[in-house]
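Working notes, structure below.
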Protein chains: 2
Amino acid sequence: MRSVEQSASFSPLYQQIKELLLESLQAGEWQPGQPIPSEMDLAERYKVSQGTVRKAIDALAAENVVVRHQGKGTFVASHREDAVQFRFLRLAPDDGKELILKSTFLSCESRQADAHIAALLEQKPSDPVIEVKRIQRFGGQPTVFETIYLVSKRFEGISLERLSAWHGPLYGFYESEFNTHMVWAEEQIKAVNASAELANHLNLAPSAALLSVERRSFTYGNKPVEVRMAYYETTKLHYVNELS
Amino acid sequence: MRSVEQSASFSPLYQQIKELLLESLQAGEWQPGQPIPSEMDLAERYKVSQGTVRKAIDALAAENVVVRHQGKGTFVASHREDAVQFRFLRLAPDDGKELILKSTFLSCESRQADAHIAALLEQKPSDPVIEVKRIQRFGGQPTVFETIYLVSKRFEGISLERLSAWHGPLYGFYESEFNTHMVWAEEQIKAVNASAELANHLNLAPSAALLSVERRSFTYGNKPVEVRMAYYETTKLHYVNELS
DNA sequence: CAGTGGTCTAGACCACTTC
DNA sequence: AAGTGGTCTAGACCACTGC
């Protein structure tokens, strides 16, 4: 009864449906925040049972690609929604209060990527990348200094003005203005002593300990599109992680 | 047809089955590394369909409480298996090679918990706790200094000799010797400057930057049983995290 | 009330492991 | 060949949302 033939490496039907759904998402057929068709409609479209579509969507929901709402529908995940923020911003104040960061963008320039950044973004070393720098303040204190590298092709037209005019999480900005939704990211964390430049930016004694967080973010299809080199001043904040 | 009546706050059958399975695990009915009964047997036991048992086990597998092996059975998760190591040890060498740490235990004493530790372990401030200190070396260099606090009741008879005689991950030791399996943990990470004592232990210049990792680990039933205060020297290693 | 996702069942068949 | 988990189907019914 299965409508797709089996190959040497067996892939269950619901996996294939999942891939088809991902392709539609990648192609922009359904936009972040908007509903995808109902399970019944998709079952009809792909000529499989509702249960099989359900399993495909379950897998996408487990990966936070899609969000289910009983009685309403299934929606494409969006960074413009509050609940999603803390998946990518793993900082919390030590006193348990709410985290409020205030962003100031310092620069936004196109430059040739160095070999390391180019490799991380899967670009040719000669390709240009966009470099953005910003500071975030917590309770008035400069607390986070970030250098952000973006794949040029995807973010054409980005500027210091547009960044500064945006209020809200950066990933919401990418989504609204550049049609780019981040699906997941990997981080490498170290403790480092502040350089003279960093100490200056963050108003610290030189050699103060800072948390160094290198993040690489991926959009649909596991394409890396952003690399961040961040430094967190962690006397009043901490990075939170759950091992499960 | 459902064999359990509904209450004010609706809980689906498979959730209830999941809770029953967790109770059996907590009671030690099935031991880590050993198989639980087949889905058919469990369906018979709880008088539900195989599909419902399946959904309960799916949930437990998603939480890493249990591991499925097609054709063989479903097994209680164990820290004595290689694959599980990296869920709780999130360190990786910068050069991409394999991580090999060599443990040396420094002390193991019973002492009265201070208020903070007692609260984290959900003990009364007057209750005793066990305090263990150890150093881990990476490529000969002292790299990790840890102070570990354990709930006394669960770890009666622990000693420096027994700790030193064990080879392998500590969580495997807890499992084998004290019948205690860790299910999940939460970590709070900061960057700090090394104290004189730490600099001495880790053979560093004073005020070197160290990664401070405070971990609280939980066994079945979300009972906290271990707190760790660890310091990582991160010039050749980094902490890895995936945001998904 | 209709439409959505969520649960539960029963049965058939597939893939993998072990004997 | 027998037993395990894994897939797929079809149908019934439940819970939640919005008109």
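The values are calculated or read from the model by the stated rules, or taken from the named source; none is laboratory data. All values reported here derive from a predicted model rather than from experimental measurement. Heads up, the Cβs are rebuilt from the backbone with ideal geometry, glycines too, and the neighbour counts pull from every protein chain shown.
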_Unmet requirement for residue B:30, which otherwise passes all of (1) away from DNA strand C (no atom under 15 Å from the Cβ); (2) within 14 Å of chain A (Cβ to nearest Cβ)_ = (2)
_Can you go through A:75, A:10, A:86 and tell me which one is of a type in the set (Phe, Trp, Tyr) and modelled with pLDDT of 95 or more?_
A:75
_Condition check for residue A:186: more than 12 Å from every other protein chain (Cβ to nearest Cβ) and surrounded by fewer than 18 Cβ atoms within 10 Å (Cβ to Cβ)_ = no
_Number of the condition not met by residue B:88 [criteria: (1) in contact (Cβ under 8 Å) with a residue 12 or more places away in the chain; (2) within 16 Å of DNA strand D (Cβ to nearest atom)]_ = (2)
_Name the residue that is nearest to DNA strand D (Cβ to nearest atom), counting only residues in the stretch A:69-78 that are surrounded by 14 or more Cβ atoms within 10 Å (Cβ to Cβ) and more than 12 Å from chain B (Cβ to nearest Cβ)._
A:73
*If you take the residues in the stretch B:45-68 that are within 15 Å of residue B:84 (Cα to Cα) and small (Gly, Ala, Ser), which one is surrounded by the fewest Cβ atoms within 10 Å (Cβ to Cβ)?*
B:62
*Would you pick out the residues in the stretch A:194-215 that are at the interface with chain B (Cβ under 10 Å from one of its Cβ atoms) and crowded, with 18+ Cβ neighbours inside 10 Å?*
A:194, A:208, A:209, A:210, A:211, A:212, A:213, A:215
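I want to confirm something. Restricting to the stretch A:17-36 and keeping residues that are within 16 Å of DNA strand D (Cβ to nearest atom) and surrounded by fewer than 17 Cβ atoms within 10 Å (Cβ to Cβ), which single residue is farthest from the chain's Cα centre (by Cα)?
Looking only at the stretch A:17-36, we keep the residues that are within 16 Å of DNA strand D (Cβ to nearest atom), and these are A:17-22, A:33-35.
If we keep only those that are surrounded by fewer than 17 Cβ atoms within 10 Å (Cβ to Cβ) as well, we get A:19-20, A:33-35.
Working: A:19: 20, A:20: 22, A:33: 15, A:34: 18, A:35: 20 Å.
Out of the qualifying residues, it is A:20.
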_Where residue B:123 falls short, out of the listed (1) closer than 25 Å to residue B:223 by Cα; (2) under 18 Å from the mean Cα position of the chain (by Cα)_ = (2)
